[in-house]
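Report on the following structure.
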Amino acid sequence: MLKTVARSRTVAAKLVAAGLGAASLALLATGAAAGEKWDMPMAYADSNFHTQNGKAFAEAVNIATGGELEIVVHGGGSLFKGNEIKRAVQTGQAPIGERLLSAHQNEDLLFGFDSVPFLATSFEDSEKLWKAARPTIEKVLDKQNLVLLYAVPWPPQGLYFKKEVNALGDMEGLKFRAYNSATARLAELAGMQPVQIEAAELSQALATGVAESFVSSGSTGYDRKVWEHLTHFYEVNAWLPRNYVMANKDAWESLDESTRNIVTGLAKLAELAGTTKSQQLTDWYMAQLAANGMAVQPAGDQLRKDLEGIGATMTEEWLGGTGDDGKAIIESFKAM
Ligand code: PCA
């Protein structure tokens with residue numbers, strides 16, 4: 001004890017000699033390191049598993065770096081709305097943030113690799129597809145001043161309605177909430193009217209009739225209590241889109257190497273933990289929708305066939321628009 005105090009005094013004396021002020025001494029007294037604070041905007045509900053996983057990641061970083069890097073999560077779009085997060089991180093308004101990767105498909109079609117209908121419809125295939133696409137996506141992000149840290153898939157995507165739907169004809173004219181350009185295209189091809197809405201505003205859109213149907217996972221249906229407005233969920237397993245966490249490249253490079261190594265390692269763990277959670281929760285979400293009165297069932301044969309037709313068109317369009325890079329991703333995925 002005495003020795004510790006004595007050593008602290010020596011360190012304190014050195015700090016004073018080095019011209020460091022009272023703030024450093026106060027930190028020394030409490031034992032806390034003078035760290036960097038990173039605000040981390042996330043778009044989805046605080047209770048959502050992606051947000052919870054982000055918080056666990058942030059906490060692990062705080063602990064493992066001994067407070068050298070403190071990440072503070074702001075969930076539910078409270079700091080920046082979903083569609084503002086990427087720009088905020090790119091420009092350094094936020095040093096780190098999370099966003100739906102395929103939401104950037106309108107900037108570069110490659111970002112939509114995980115929303116090509118019926119390409120990867122299980123967690124296992126989603127992992128393979130991510131492995132195939134990751135290096136390309138990392139390169140695209142790098143050119144945009146962003147560093148990819150980790151990505152976690154949502155549970156498989158199905159369709160929400162407020163009536164029974166057995167074929168494409170039953171969808172004609174419906175107002176359909178889209179979350180990226182692929183889901184808007186799906187709506188168009190199905191003869192529906194797409195309207196782009198963030199998950200955070202979904203309940204309100206359904207309540208006011210701005211939207212009356214959408215495609216998503218059981219997770220978002222559960223978070224937004226959609227049983228208050230809608231009645232049917234059809235399991236389609238059309239694709240598993242990913243959220244990803246990105247850092248601003250300049251902020252990233254300003255960290256020392258050992259901090260970067262810690263964050264990279266914990267990001268790997270966060271990807272694994274988040275993916276496992278997503279998979280574990282998939283059936284639970286279905287049970288919650290059913291328990292709250294929704295009819296939850298697999299899409300019927302005709303509906304499935306119709307959707308597969310739309311999927312084939314969308315696959316062609318995606319491949320046509322992404323050229324060699326898109327083709328290489330799909331070929332590498334199929335070879336796994
Ligand atoms: N939930 C998000 C994207 C995919 C999902 O399952 C949403 O609906 O916005």
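Computed from the coordinates by the stated procedures, all read-outs in this text should not be read as laboratory data. Only a predicted model underlies this, so the values are computations on that prediction, with no experimental measurement involved. Here the Cβ positions follow ideal geometry from the backbone for every residue, glycine too, while neighbour counts run over all protein chains shown.
Averaged across orientations, what area in nm² does the convex hull of the alpha carbons in region 99-171 project?
Mean orientational projected area (region 99-171, Cα hull): 6.3 nm².
About its Cα centre, what dipole magnitude does region 214-291 give when the only charges are +1 on Lys and Arg Cβ and -1 on Asp and Glu Cβ, stated in debye to the nearest 20? Display every interim value, and only then the final one.
Numbers: 7 positive and 9 negative charges, 27 e Å.
Using only the charged Cβ atoms, the result is roughly 120 debye.
For region 111-160, with the dipole built from +1 on Lys and Arg beta-carbon atoms and -1 on Asp and Glu ones, taken about the Cα centre, which of Tyr160, Leu119, Gln144 lies farthest toward the positive end?
Gln144
List the pair-distance distribution P(r) of region 93-133, using every Cα-Cα distance, as the percent of pairs falling in each 10 Å bin from 0 up to the bin containing the longest distance, rounded to whole percents.
27, 47, 22, 4
Please get the size of the charge dipole for the chain, origin at its Cα centre, with Cβ charges of +1 on Lys and Arg and -1 on Asp and Glu, quoted in debye to the nearest 20.
Numbers: 31 positive and 40 negative charges, 234 e Å.
That gives the chain a dipole magnitude of about 1120 debye.
Per-residue ellipticity at 222 nm for the chain, helices alone: DSSP H runs ≥ 4 residues times -39500 (n - 2.57), over residue total, nearest 500 deg cm²/dmol? Kindly include the intermediate steps, with their values, before the conclusion.
Numbers: 11 runs with 167 residues, N = 336.
Calculated from helices alone, the mean residue ellipticity at 222 nm is -16500 deg cm²/dmol.
If packing is taken as the average number of other Cβ atoms within 10 Å across a peptide's residues, how do 189-202, 232-245, 289-302, 37-50 rank, most packed first? Walk me through the numbers on the way to the answer.
Working: 189-202: 18.4, 232-245: 23.9, 289-302: 14.7, 37-50: 20.9.
Peptide ranking by packing, descending: 232-245, 37-50, 189-202, 289-302.
Alpha carbon centre of region 43-112 versus region 269-329: separation in Å?
23 Å
Would you mind putting 323-330, 156-163 in packing order, based on average other-beta-carbon counts within 10 Å, highest first? Before the final figure, lay out each step's value.
Working: 323-330: 15.5, 156-163: 20.8.
By packing density, highest mean first, the sequence is 156-163, 323-330.
Principal axis extents for the chain, Cα atoms only, whole Å, descending order, please.
If we take the Cα atoms of the chain, the spans are 80, 45, 31 Å.
Which order do peptides 259-267, 139-147 fall in by mean Cβ count within 10 Å, highest first? Write out the running numbers ahead of the final one.
Details: 259-267: 17.9, 139-147: 16.1.
Going from most to least packed, we get 259-267, 139-147.
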